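Structure record follows, encoded as structure tokens.
Please treat every number below as a calculation from the coordinates, not as lab data. This is a predicted model, so every value here is computed, not measured. Don't worry about glycine lacking a Cβ; one is built from the backbone with ideal geometry, like all the others, and counts go over all protein chains shown.
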Amino acid sequence: MNDQAEMLRRLIKKTNGETSDNPVIDDPVVNKKARVIAVTSGKGGVGKTSIAVNLAIRLSMRGLKVVILDFDFGLANVDVLFGTIPRYTLLDVIRGEKDILEVLADGPANIKFLSGGSGVEELVKLDRKQIRNILANISILDKLFDVVIIDTAAGLSRNVMNFVLAADQVLLVTTPEPTAITDAYALVKMVSRRDLKKQIDIIVNKAETLREAESVANKLCLVSDKFLSLKLSKLGYILYDDNVTKSVKLQKPFILYNSKCSAAKGIAEIADRMFLGTNEKIVQGAKGFMSKLLSFFSV
Ligand SMILES: Nc1ncnc2c1ncn2[C@@H]1O[C@H](COP(=O)(O)OP(=O)(O)OP(=O)(O)O)[C@@H](O)[C@H]1O
Ligand SMILES: [Mg+2]
């Protein structure tokens, strides 16, 4: 494993163009990076996939180029919400059989998506050639997209934690259920041990009222600040809405099923708020994300 770590350091340096007189280093096109956003939760079933998919569509409708990476290694669920089964997964890229452009599937509203499949587990044990190949492929996402949304599995597993720590921004989803709140807090606690500066934005889903949602978010922010010294931001709220369950049955994202429903309004507000004040923040992009992820796996 140490071997992988050393290899990575050298490769990252190389692929980052860290040579003394590289003329392309200041080129804005060459340096373009996508914002990598991980959607996660402590407890399962709180609405991560619904939020990832609908937010992606909303951002795309606002003119951003968006790709979803379905890195929920147990059950791939993004494709279920779209009603399409992708032909390829990340594994095909890792094996060198396809390049990234060939494995991106078309979603609604111009978004693209890629299923991690069992490729996510393979990331732990790549050889030098595979690391070079995956970094080269992933860095293409920086050029093609503005936003990379990663739908993760729920929970406090090492894998999920690595995705969270490697992302530029984390959307932490909870519901007002006490178990969901305590599991969300447990996740923040784990992050706080590794990175007190991580940008974590709270989304409260399936609330009965906005007041209830706000109170859940306030509680989480308060305890995280007080006991963990990690400042969370409140990103937005989505109410419990029957349109969500109905749209899932039809395999149609709810903002396309009923753009005026309350859940769609919640998503629209979240999308509006998401990029406020973030322009000046440095993003490490898709390649930075993958480099970081691989280096976590190798320690
Ligand atoms: N705002 C909402 N109102 C009503 N139902 C909702 C809402 N958000 C999500 N749901 C429902 O909750 C269920 C779980 O949603 P989803 O699959 O998005 O959660 P998840 O966090 O991705 O789950 P998992 O942890 O299994 O990946 C789905 O049946 C979905 O229709
Ligand atoms: Mg899911």
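General observations
- For the chain, modelled as a GNM whose springs connect Cα atoms under 10 angstrom apart, the maximal fluctuation among E214, E97, E269 occurs at E97.
- Neighbour-limited loop hits for trypsin sites (Lys or Arg not before Pro), the range 94-149 (at most 15 other Cβ within 10 Å; DSSP other than H, G, I, E, B): R95
- Backbone geometry of the range 238-246 corresponds, through the Karplus equation with coefficients 6.51, -1.76 and 1.60 at θ = phi - 60°, to 3J(HN,Hα) couplings of 10, 7, 4, 8, 4, 4, 5, 5, 4 Hz, x marking Gly and Pro.
- Within the shell of other residues whose beta carbon sits under 15 angstrom from the beta carbon of S259, the net charge comes to +3, with Lys and Arg scored +1 and Asp and Glu -1.
- Helix 48-61 axis, angle to the chain major axis (alpha carbon atoms, nearest 10°): 80
- Table column - 3J(HN,Hα) (Hz), the range 106-120, Karplus curve with 6.51, -1.76, 1.60, x for Gly and Pro: 7, x, x, 6, 6, 7, 10, 9, 9, 8, x, x, 7, x, 4
- Centroid-to-centroid separation of the range 226-299 and the range 141-215 [C-alpha atoms, Å]: 9
- Residues of the range 40-60 with amide N under 18 Å of a point placed 7 Å along Cα→Cβ from L250: 50-51, 53-55, 57-58
- Basic side chains Lys and Arg get +1 at the Cβ, acidic Asp and Glu get -1 at the Cβ, and with that the dipole of the range 118-219 about its Cα centre reaches some 540 debye.
- Overall, the range 49-176 carries a charge dipole of about 220 debye about its Cα centre when +1 sits on the Cβ of Lys and Arg and -1 on the Cβ of Asp and Glu, all other atoms neutral.
- Prolate/oblate/rounded label for the range 112-157 (Cα gyration tensor, a/c 1.5): oblate
- Ordering L135, L90, V80 by the projection of their Cα atoms onto the charge dipole of the range 56-145, which places +1 on the Cβ of Lys and Arg and -1 on the Cβ of Asp and Glu, puts L135 at the extreme positive end.
- Near I181: Cβ cut-off under 10 Å, other residues only, Lys/Arg at +1 and Asp/Glu at -1. The net charge is 0.
- Listed residue pairs exceeding 27 Å between alpha carbons, taken from K143/K231; K32/K98; K43/K98; K98/K265; K98/K292: K143/K231; K43/K98; K98/K265
- When the chain is described by a simple charge dipole with +1 on each Lys and Arg Cβ and -1 on each Asp and Glu Cβ, the residue from I181, V67, I100 located farthest towards its positive end is I181.
- The protection proxy used here, the mean number of other Cβ atoms lying within 10 Å of each residue, ranks peptides 228-236, 290-298 as follows, highest first: 290-298, 228-236.
- For the chain, the longest principal axis of the C-alpha atoms and the axis of helix 2-15 are separated by about 90°.
- Electrostatic dipole magnitude of the chain [Cβ: Lys, Arg +1; Asp, Glu -1; Cα centre; debye, to 20]: 360
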